[in-house]
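Everything on this sheet refers to the single structure shown next.
The values are calculated or read from the model by the stated rules, or taken from the named source; none is laboratory data. All values reported here derive from a predicted model rather than from experimental measurement. Heads up, the Cβs are rebuilt from the backbone with ideal geometry, glycines too, and the neighbour counts pull from every protein chain shown. Just so you know, the surface numbers come from the protein's heavy atoms only, side chains and all, with ligands and any DNA or RNA stripped out. Shrake-Rupley method; radii C 1.70, N 1.55, O 1.52, S 1.80 Å.
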Amino acid sequence: MGTETPMTVIDDALADGLGRLRELDLGDAFEPRAAEAIVLSGLHALVVPGSAGGLGARMAEAAEVLMSVGAVDGATTLGFAMQVHVVGALVDSVAVPDGLRDRLFRAIVVDGALVNNAATEEGGGSPARGAVPGTTAVAEADGTWRLTGEKTWTTWLPNLSHAFVTARVARSDPVEVGVWFVDLAADGIGRLPGFEALGMRGSASGRLVLDGVRVPADALVVRRRVDEPDPRGPAPGAWFGIAIAATYLGVGEGARDAVARWARDRRPGDGTASVADVPSVQVRLGRADADLRAARIVVLDVARRWDLAAAGGDAAGMAVAAADVPLAKLIATRAAVAATDEALRVAGGPGFLAGSLERAFRDARAGLINPPLEDVALSGFGRAVFDRVGPGAG
């Protein structure tokens, strides 16, 4: 799985990155310098193995970094999380060409490449619910492919140098789908603005247009029938879920700490007591803290179990850990939503003014639409309970 880097190196990169981000006036508008801060600090290579020149973080370490960055700015962290989960999944996946791994690692370490998946399509529904892409991949006689289609919700699109694009193999019967590694400097690539969303507006989740984009034969990452499981195994879903969980948990933790500092310093009336001295405020802050700390324990436990299984090549253990990723994401998102709600209640009127608390309140709710989706997760938990108790009497 690659040589790990001592945590002190990761800590140094994190401190550098956070310092750079705090120097920016981050808000709802897309800020390209936020991505530059991630790259200049070296965090963009967070999960690239140490043997390939990266920081060598594993899932649990990456989750802690994402939580720390999320406390500073949610939109930046969401874009950064895409880099983390895509690269982490590539490190841990089976059935991925080694040459492709090396090519991406080199692009990240040497060229500062930023990458994301491009899977969701307008009207096609979520890939997490089994949507078949409308984007097509046409095989050419010389072995190359031509990709045509449009992807939506492509986070950090203005920053990206590469994308892993899902497409339907043209004229395949039964229908086959694949994933291609695409250089976004290629001819036929278009980048369009996204949507005016409730939260995470600074993430610049835009529309990626592919108009007959030619990619080489070795850009094909994986190909399968739509009714077959992903040959890469559970790594893509596990890394995505934990990266998302950590991002939104960080948003909630940042709101908790921000409103605590505000309450400590705010002295209304005659100034003899601060808002922090009010018992109901302490209860609200304590409730938010309890939810967030419980979620952090769950997220890191799942990530550490994944890391332990991956280090030992334990496929069964990785599958067990991956099965708990939806639980971690569900608990983390709920905690972030609840904590940002409590933060606004503590701050009162000032919290509803445009600013960091109000933005965190909106950003946290974006986690509700990121897979694993809550209803899908809960339905899965329910089916698992029925499986455990066994068949009924009749």
Of the residues Thr154, Thr166, Thr136, only one is in contact with a strand residue (DSSP E or B) (Cβ under 6 Å, 6 or more places away or on another chain) and more than 19 Å from Val87 (Cα to Cα); which?
Thr136
Does Leu368 qualify as being open to solvent by 40 Å² or more (accessible area, probe 1.4 Å) and either within 17 Å of the chain's Cα centre (by Cα) or among the small types (Gly, Ala, Ser) (or both)?
yes
Can we say Ala15 is in a helix (DSSP H, G or I), surrounded by fewer than 24 Cβ atoms within 10 Å (Cβ to Cβ), of a type outside the set (Val, Ile, Thr) and touching a Ser or Thr at 6+ places or on another chain (Cβ under 9 Å)?
yes
Is it fair to say Leu357 is in a helix (DSSP H, G or I), in contact with a Ser or Thr (Cβ under 8 Å, 6 or more places away or on another chain), open to solvent by 30 Å² or more (accessible area, probe 1.4 Å) and not small (Gly, Ala, Ser)?
no
Report yes if some residue within segment 56-68 is assigned to a loop (DSSP other than H, G, I, E, B), open to solvent by less than 10 Å² (accessible area, probe 1.4 Å) and within 27 Å of Ala310 (Cα to Cα); otherwise report no.
yes
Is there any pair with a first residue in segment 184-208 that is under 17 Å from Arg365 (Cα atoms) and a second that is acidic (Asp, Glu) whose Cβ atoms are under 8 Å apart and which are 6 or more apart or on different chains, and what are they?
Gly199/Asp363; Met200/Asp363; Arg201/Asp28; Gly202/Asp28; Gly202/Glu31; Gly202/Asp73
Total residues in segment 302-320, condition over 15 Å from Ala384 (Cα atoms) and touching a residue at least 40 places away in the same chain (Cβ under 8 Å):
9
Inspect segment 371-385 for any residue being surrounded by 21 or more Cβ atoms within 10 Å (Cβ to Cβ), out of contact with any Asp or Glu (no Cβ under 8 Å at 6 or more places or on another chain), among the aliphatic types (A, V, I, L, M) and within 24 Å of Thr120 (Cα to Cα) and give the result as yes or no.
no
Which of the residues spanning segment 167-185 are closer than 29 Å to Arg33 by Cα and open to solvent by less than 30 Å² (accessible area, probe 1.4 Å)?
Trp180, Phe181, Val182, Leu184
Tell me whether segment 164-180 contains one or more residues that are within 13 Å of Arg214 (Cα to Cα), among the aromatic types (Phe, Trp, Tyr) and touching a His at 6+ places or on another chain (Cβ under 8 Å).
no
Of the residues that make up segment 23-33, is at least one open to solvent by less than 50 Å² (accessible area, probe 1.4 Å), modelled with pLDDT of 95 or more and part of a helix (DSSP H, G or I)?
no
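A quick yes/no check of all residues on (1) modelled with pLDDT under 95; (2) surrounded by fewer than 18 Cβ atoms within 10 Å (Cβ to Cβ):
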| residue | (1), (2) |
| --- | --- |
| Thr272 | yes, yes |
| Ala276 | no, no |
| Pro279 | no, yes |
| Gly286 | no, yes |
| Ile331 | no, no |
Could you give me the residue pairs with C-beta distances under 9 Å whose first residue belongs to segment 275-300 and is over 16 Å from Ala258 (Cβ atoms), whose second residue is in a loop (DSSP other than H, G, I, E, B) and open to solvent by less than 60 Å² (accessible area, probe 1.4 Å) wherever it lies, and which are 6+ apart or on separate chains?
Val298/Asp324
